[in-house]
Structures are given as C-alpha cells and as structure tokens.
Amino acid sequence: MPELPEVETLKRALTPLVLNKRLVKLNFLRKNLRFPIPVTKLRKNLLNQTISKITRRGKYILLHAPDGAL
C-alpha cells in the first residue's frame, strides 16, 4: 500500500499527462476493486469522456469527467 506522500506525488505527475485528455481505451487489470462496478457499465460511462480535473481523497486518486468521477 503506498503512503500518502507517494500518492500525492503520483497525482502531481499524472496531472499534466492526462488533464483534458479523452479516454479512448480502458483496460481493467483487477476485478476486485474496492467497490465492484461492472466493467461494461464503466466502459459505457467513461469511454470518450475528457478528464477535467484530478484530485486526491486520502490514498485514492480521482479522475473527474463531465459525467462523473473514477
């Protein structure tokens, strides 16, 4: 489990790479997410969305899109 400073560093590194970029392909490497959501539903809701903001809540990195967050 990463420590909080490492998560913040990762968020800061990801921001210039993914901010205002469109999600054109989604790969799910783990099926045991903390809150399981069907992969088909995630793809339907997130594909072709643009990342509008990146935030951190505790040790979670949140990618915000106009229709929600991941």
DSSP bridge orientation in the chain - percent antiparallel, rounded to nearest 5 = 100 percent
Rounded to 0.05, the calculated FRET efficiency for the beta carbons of residue 52 and residue 29 at R₀ = 22 Å is 0.35
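Exposure proxy check: 47, 63 ranked by fewest other beta carbons within 10 Å?
Numbers: 47 12, 63 20.
Lowest count first: 47, 63.
Restricting to DSSP loop positions (anything but H, G, I, E, B) with no more than 15 other Cβ atoms inside 10 Å of their own Cβ, which trypsin sites (Lys or Arg not before Pro) remain in the chain? Working shown, then result.
Values: sites: 11, 12, 21, 22, 25, 30, 31, 34, 41, 43, 44, 53, 56, 57, 59; in loops: 21, 25, 30, 31, 34, 59.
Listed in order of number, the matching sites are 21, 25, 30, 31, 34, 59.
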Quick calc: nm separation of the 7 Å Cα→Cβ label points for residue 45 and residue 10 -> 2.1 nm
Determine, at each q value in 0.18, 0.21 (inverse angstroms), the log₁₀ of I(q)/I(0) that the Debye formula gives when each Cα of the chain is one equal point scatterer.
-> -0.77, -1.03
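Quick note: the coordinates plus some simple rules give every number you see, no bench work behind them. Owing to the predicted nature of the structure, the values given are computational and were not obtained by experimental measurement. Neighbour counts are summed over all protein chains in view; Cβ atoms, including those assigned to glycine, are modelled from backbone coordinates with ideal geometry.
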